[in-house]
Each structure stands twice: as structure tokens, then as C-alpha cells.
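The values are calculated or read from the model by the stated rules, or taken from the named source; none is laboratory data. This one's a predicted model, so the numbers in the text were calculated from it and none came from an experiment. Please note: Cβ atoms are built from the backbone with ideal geometry, for glycine as well, and neighbour counts cover all protein chains shown. Please note that ligands, DNA and RNA were not included when accessible areas were found on the heavy atoms of the full protein model with its side chains. Shrake-Rupley method; radii C 1.70, N 1.55, O 1.52, S 1.80 Å.
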Amino acid sequence: MKPIYLDHGATTPMRPEVVEVMRPYFSDVFGNASSIHGFGQKARKDLEEARKSVAENIGADFKEIFFTSGGTESDNLAVQGVVHTRKGHKGHVVTSSIEHPAVLNTCRYLEQQGYKVDYLPVDADGLVDPEAVQATLRPDTVLVSIMLANNEVGTIQPIREIGEMTKAQGIPLHTDAVQAVGKIPVKVDDLNVDLLSVSAHKIYGPKGVGLLYVNQNTPFTPLFYGGHHEQGYRPGTENMAGVIGLVKAMELAETERDNFFANMNHLRSLLEAGILEKVKNVQFNGHAEKRLPNVSNISFHSVDGEMLLYVLDGKKIAVSTGAACSSGTTEVSHVLTAMGLSPELAGGSLRFSLGRLSSESDILYVLNVLPDVIADLRK
Ligand code: PLP
């Protein structure tokens, strides 16, 4: 039997269409986009077309797109790139307690450097309250960074409302849209954001490439120094194959977004209804409606989530415990505990994240296997 992969929040398989468009950039089209000769000019032309395409995809100007090595780098560049513009002044940063470690640990690092950071709480559904953001802003606040959709429970934050508040006070707003792209509309103006992170490998593109959108009026400095690539904000010879793959992945994700949403919603409802019917003492985590369509985070009372994950893996079902996608660790999820779950319940939670090739038969197989596995572990 073919293993069933339900861990698309961790990464996704590359689409054949993406592999296809990348292929020439590993061989024939190898020029350095900074070279003057024809080889270089071909690469430069393709790079700039790629930039225009992704800019259009998220409603930005091409000058506002900086290609990076992925979500982690984009988040670091966003947060550090903005706060470091205030030379000699250690300002105040607002973020949430459920961010991905790429933002959370960057903020912790900033605290060690003398910055003040507020980590806003979330409610039981994992939502940040825009009023709480407003109440936390100070005259010296230099940045607000709140993710668009959470990677563990899928809850979608009220970024547009938060953006109205930050805009009114002239404070830059960054959002990590790594999990949201391809699942919900992501247009920078509608969201009222000044910086936005994207990663290709969550949307059937290659690993190790992403982008950061930075509004032209947002003060910003690079994280490291080198040549003039990416307007000097992200030096280093461009990963042409990766960029071309990212563009194709974003294009396909956007074209198919409505279908994907409906299909994922249908499969997830099948999964959740089946689990509710067949397994006692379960709790679904995340907002009922304001949630990514492909994520289902479920707590199983009196079960060790890690053990459950191993047993399911033995039965050819790949899922994750909340925190593992970001770190490979087995720590109790900071997201679930921030939502008020006890460490025991949080430790008994699994994330099922469905993907474009998931099928009803995959879900039915899970529903066949899971109840007995849970019953055994509870014995
Ligand atoms: N942000 C979120 C919300 C994520 O889910 C991830 C991936 O786990 C990242 C950032 C990091 O992205 P990357 O793996 O491209 O560095």
C-alpha cells in the first residue's frame, strides 16, 4: 500500500509542472543574472519577469519583491530589517504568542539585544484580538508582526483590521503568509500589510526559496552585506531555478485556489465527522470557520501524541504533532498551550494537513485505522 501523506503543512511534493519549468535552469540557462553577456542577460530577463509575475500575484509592485531562501529568511529579514533601521534606538515590537519560531525566536533574540517585545495572547480559537494590538501600541513601537494563518491549527488572523490600526499610527505591519498563500486570498493592499513572507515548498514548489514583500515606503535595511543583488537588500547570486519554481507554484496555487479550498473543505469535513463519530473524548482545535481549509488539529484525551504519530507511521499514515513541523522537536506545542490547552491535552494532539492529491480513500483508510489505534493506546 502507498503511504498516505497528511503532513502538507510541513512540506508538499513538487508539482510536475513546477519541476518542468525549473529544469532548463539547471543546465542550459545557467547564466549569472548580474553578468553583462548574453547568458547573463537571459537570466536577468527571466528573473525580472518572475518578479513581475509574483508581484502581480500578491498585488504588489515588482520593486517591492525580494527573493530569499524561504520563509525563515523572509521572516528574519522582515523583523530585523525593519527594527534595525532605528540606529541606536531599541524600540518596541508587537507580535503574538503563536507565531512560527522564525518570528518568535527572532523576537527573543531582539529582546536579548535590548528591544522590548510584547507577545500578545490568543483566545481559545487561536485568534489575536485587534483591540489588544491597538492597546499594546506605544509611541516607540517600530513593528507589529502577526501571522496570517497559523501553521499548527490553521486559524486565520484578522490582519486587515490589525492593519487599519497600525496604518493609522504609521507603524509597519509584517505578516507571515507562508501557510496562507494558495489557500485564502493574499493581496497586500487588501490585507493592509507592509511586509509579507512567502515560502515555495508549502505550495508544491521547491524547498529553499521564498520571497519577502516590502512596501516601498517602509524603512528597511539588509540582514547581510554583499553585491547589489535584490537592490542590495538580499545580496548573493540569485537561485534562478528556485525563483522560477516559486513563480510557477504561486501561479498554479492562485489559479486553483477556489477549487482547492472546496476540495479540502470537503475532505476535512469527512475526516472530522468520521473521527467525531468513531472516537470518544476528542477536541478540535482552531477556529471553526476562520481556518485554513486543509488543516485539522485534534486532541485525543489520555493519548501520547508522539506515540500515536509513531504507531500511525507504522500503519503508513504520515501526520504531525503540532510543534514538530517547525523544529523536529517533541516539545509541547506553544500554540496549543497559548490557546489554553493543558500540557497533557496539547501533548495528545495531532495535526492532519491535507493536500491537493489527498483523496476520499485516504480519509476512509485513516478512519478505519485510527479508532483502534487510539483504543489500544488508551488501554
Ligand atoms: N512560517 C510558517 C508559518 C511556517 O509554517 C514555516 C514552515 O514551517 C515557516 C515560516 C518557515 O518556512 P521555511 O521552511 O521556508 O523556512
Subject >> Principal-axis tilt of helix 159-168 within the chain, Cα atoms, nearest 10 degrees >> reply: 40
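In Å³ and rounded to a whole number, note down the convex hull volume per residue for the Cα atoms of the stretch 239-364.
In the stretch 239-364, the Cα hull volume divided by residue count equals 141 Å³.
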Subject >> Computed P(r) (all Cα pairs; the stretch 57-109; 5 Å bins; percent) >> reply: 4, 16, 24, 23, 18, 13, 3, 0
**OP:** Determine the principal axes of the Cα atoms in the stretch 141-255, then give the extent along each, sorted from largest to smallest and rounded to whole angstroms.
**Re:** 38, 32, 23
Original post:
Excluding ligands and nucleic acids, what accessible area in Å² is computed for D140 using a 1.4 Å probe, to the nearest 10?
Top reply: 40
**OP:** Please report, in whole Å, how far the alpha carbons of the chain spread along each principal axis, starting with the longest.
**Re:** 67, 53, 32
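Using a 1.4 angstrom probe with every protein chain in place, what is the largest-first accessible-area order of K2, K167, K63?
Largest accessible area first, the list is K2, K167, K63.
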Original post:
What distance in nm separates the simple spin-label points at V369 and H89, each placed 7 Å from Cα in the Cβ direction?
Top reply: 5.6
**OP:** Provide the per residue accessible area, probe 1.4 Å, for the stretch 16-255, rounded to a whole number of square angstrom.
**Re:** 39
Subject >> For the stretch 69-221, the fraction of alpha-carbon pairs in successive 5 Å shells from zero, as % >> reply: 2, 10, 21, 25, 23, 13, 5, 1, 0
**OP:** Scan around T321 for amide H atoms under 5 Å from its own, H built in the peptide plane at 1.01 Å from N, and keep only partners 5 or more places away or cross-chain.
**Re:** R351
Original post:
Heavy-atom accessible area of S197 with all protein chains present, probe 1.4 Å, nearest 10 Å²?
Top reply: 0
Original post:
Under a plain spin-label model, where a point goes 7 Å from the Cα along Cα-to-Cβ, how far apart in nm are I36 and D376?
Top reply: 6.9
Original post:
Any idea how far apart K116 and F26 come out in nm if each label point goes 7 Å out from Cα toward Cβ?
Top reply: 5.2
Original post:
In the full protein assembly as shown, how much of K315 is accessible to a 1.4 Å probe, in Å² to the nearest 10?
Top reply: 90
Subject >> Violating pairs (Cα-Cα greater than 19 angstrom) within the set K187/K248; K63/K167; K183/K290 >> reply: K63/K167
Original post:
Mind checking which of I184, I36, I162 has the largest fluctuation in a GNM of the chain, springs on alpha carbons under 10 Å?
Top reply: I36
Original post:
How much net charge surrounds E230 when only other residues with a Cβ under 10 Å from its Cβ are counted (Lys, Arg +1; Asp, Glu -1)?
Top reply: +1
Original post:
Which whole-Hz ³J(HN,Hα) couplings does the stretch 274-282 yield from phi under the Karplus relation 6.51 cos²θ - 1.76 cosθ + 1.60, θ = phi - 60°, glycine and proline marked x?
Top reply: x, 5, 4, 6, 9, 10, 8, 6, 10
Subject >> Environment charge of F261, counting only residues whose C-beta is closer than 15 Å and scoring Lys/Arg +1, Asp/Glu -1 >> reply: +2
**OP:** Quick one: net charge around V144, please, counting Lys, Arg +1 and Asp, Glu -1 for every other residue with C-beta under 10 Å from its C-beta.
**Re:** -2
Subject >> Contour minus Cα-Cα distance for A273 and V19 (0.36 nm per residue) >> reply: 87.8 nm
Original post:
Using alpha carbons only, how many degrees (0 to 90, rounded to 10) separate the axis of helix 360-378 from the longest principal axis of the chain?
Top reply: 60
Original post:
Relative to the present Cα-Cα distance, how much length would full extension add between D123 and D258 at 0.36 nm per residue of separation?
Top reply: 45.8 nm
